[in-house]
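The values are calculated or read from the model by the stated rules, or taken from the named source; none is laboratory data. A quick note: this is a predicted structure, and the numbers were derived from the prediction, not measured. As a convention, Cβ positions derive from the backbone with ideal geometry for all residues, glycine included, and neighbour counts pool all protein chains shown. Just so you know, the surface numbers come from the protein's heavy atoms only, side chains and all, with ligands and any DNA or RNA stripped out. Shrake-Rupley method; radii C 1.70, N 1.55, O 1.52, S 1.80 Å.
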Amino acid sequence: MNTRWLTTIAVVGLGVLSGCKETVDSQNVKTAGIAAILFATAESDQETRLTATLKVGGDESNTYVDLSGGDSIFASAGDKRVQMQTQETGVYEAKFNTAAEGTELLVDLQRANDDDAPSSRGTLPAPFDLTIGASAVSRAADLNITWTPSGSNDDVRLELNSPCTFLETIDVPGDSGTHTIQANTLQATGSADQPPPTCDVTVTMTRTRRGTTDIAFDSESSFVLQQIRVGKFTSTP
């Protein structure tokens, strides 16, 4: 049997399964064909990172837009405006030394030979402090998680992840400022004949607000603005 032929098929198959990234020059794309996926993320009260991922074929496409030929993208936070820097093909980033509630973030795509998209905008949700009720908690007991300030109209999500428990994701209604993980909610991984595991659990809380994207972009564009805080505790049997 031809081993070279088999190797070629294996390599091609691997490329299909891994979803190889495709790129296209922006000069060959109309603004209406660009899906802008925008994220503003603040992980402290000192800095916000804004990323713009530009795709062709919708937000789930694997074809990314390489800005060239006079096309460029800018970001503003308050009165500060900067050109976004390329992180990889089709992905652009800017950082700002602020994470204050209500800070308006603006993304502005400037085109040399097609319609500009200058008005994608949104405001940051409020920063917050996250508190885990105890440094070590049995899975057979309640776990209290609190945060301040609370009472916003923004979406709140908690995610608990560890090497010894199954992932737990919770959408918290009403931004109440407190949530209790009920006893026996976190389920340990592994089989029944193994010793009960103990490990550190990472608690990630995300407060999310949605902005708007410029009407010149593809309708599958989106702008998500988030405050994210992380805490830890030790999970015991």
Among the residues of segment 98-134, which ones are modelled with pLDDT of 95 or more and closer than 30 Å to Asn184 by Cα? Phe128, Asp129, Leu130, Thr131, Ile132
May I ask you to list the residues in segment 226-237 that are under 23 Å from Ile37 (Cβ atoms), buried (at least 19 other Cβ atoms within 10 Å of the Cβ) and in contact with a Ser or Thr (Cβ under 7 Å, 6 or more places away or on another chain)? Gln226
Selection from segment 161-172 of residues surrounded by fewer than 17 Cβ atoms within 10 Å (Cβ to Cβ) and part of a strand (DSSP E or B) yields Asn161, Glu168, Thr169, Ile170, Asp171
Residues (open to solvent by 60 Å² or more (accessible area, probe 1.4 Å) and not in a strand (DSSP E or B)) located in segment 29-69: Lys30, Ala32, Glu43, Asp45, Gln46, Glu47, Gly57, Asp59, Glu60
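Tell me whether segment 198-208 contains one or more residues that are β-branched (Val, Ile, Thr), under 30 Å from Ala100 (Cα atoms), over 22 Å from the mean Cα position of the chain (by Cα) and not in a loop (DSSP other than H, G, I, E, B).
Looking only at segment 198-208, we keep the residues that are β-branched (Val, Ile, Thr), and these are 198, 201-204, 206, 208.
After this cut, where a residue has to be under 30 Å from Ala100 (Cα atoms) as well, the list is 201-204, 206, 208.
Among the residues that remain, those that are also over 22 Å from the mean Cα position of the chain (by Cα) are: none.
No; the residues of segment 198-208 include none that is β-branched (Val, Ile, Thr), under 30 Å from Ala100 (Cα atoms), over 22 Å from the mean Cα position of the chain (by Cα) and not in a loop (DSSP other than H, G, I, E, B).
Output the residue which, of all residues in segment 209-222 that are in a strand (DSSP E or B) and in contact with a Phe, Trp or Tyr (Cβ under 8 Å, 6 or more places away or on another chain), is farthest from Arg139 (Cα to Cα). Can you show your working first?
Taking segment 209-222 first, the residues in a strand (DSSP E or B) are 209-210, 212, 222.
Add one more test, that the residue is in contact with a Phe, Trp or Tyr (Cβ under 8 Å, 6 or more places away or on another chain), and what stays is 210, 212.
Working: Arg210: 35, Thr212: 41 Å.
Top of the filtered list is Thr212.
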Restricting segment 109-157 to residues that are β-branched (Val, Ile, Thr) and open to solvent by less than 60 Å² (accessible area, probe 1.4 Å), the one farthest from the chain's Cα centre (by Cα) turns out to be Val137
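Conditions tested, residue by residue: (1) outside the structural domain of Leu50 (by the TED database); (2) within 19 Å of Asp129 (Cβ to Cβ); (3) open to solvent by less than 40 Å² (accessible area, probe 1.4 Å).
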residue	(1), (2), (3)
Gly177	yes, yes, yes
Thr180	yes, yes, no
Thr189	yes, no, no
Pro195	yes, no, no
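Among the strands (runs of 3 or more DSSP E) contained in segment 94-160, which hold 2 or more residues that are small (Gly, Ala, Ser)?
Values: elements: 104-110, 117-123, 129-132, 136-138, 143-148.
Ranges flagged: 117-123, 136-138.
Scan segment 45-54 and tell me whether some residue there is of a type in the set (Ser, Thr, Tyr) and more than 23 Å from the chain's Cα centre (by Cα). Before you say what the answer is, go through the steps one by one.
First pass over segment 45-54, keeping only residues of a type in the set (Ser, Thr, Tyr): 48, 51, 53.
Next cut, more than 23 Å from the chain's Cα centre (by Cα) only: none.
No: segment 45-54 contains no residue that is of a type in the set (Ser, Thr, Tyr) and more than 23 Å from the chain's Cα centre (by Cα).
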When residues of segment 93-108 are filtered for being open to solvent by 10 Å² or more (accessible area, probe 1.4 Å) and closer than 19 Å to Ala35 by Cβ, how many remain? 3
Residue pairs meeting the criteria (Cβ under 6 Å; at least 6 apart or on separate chains; first farther than 30 Å from Gln110 by Cα, in segment 196-223; second open to solvent by 30 Å² or more (accessible area, probe 1.4 Å) and in a loop (DSSP other than H, G, I, E, B)): Pro196/Pro237; Cys199/Pro163
Members of segment 76-87 that are surrounded by 12 or more Cβ atoms within 10 Å (Cβ to Cβ) and among the acidic types (Asp, Glu): none
Asp193 fails exactly one of the following numbered conditions: (1) in a loop (DSSP other than H, G, I, E, B); (2) on the phi > 0 side of the Ramachandran plot. What is the number of that condition? (2)
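For every residue, the table says whether it meets (1) in contact (Cβ under 8 Å) with a residue 60 or more places away in the chain; (2) of a type outside the set (Lys, Arg); (3) under 23 Å from Leu225 (Cβ atoms).
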position: Asp129; (1), (2), (3): yes, yes, yes
position: Asn144; (1), (2), (3): no, yes, no
position: Trp147; (1), (2), (3): yes, yes, yes
position: Leu158; (1), (2), (3): no, yes, yes
position: Leu167; (1), (2), (3): no, yes, no
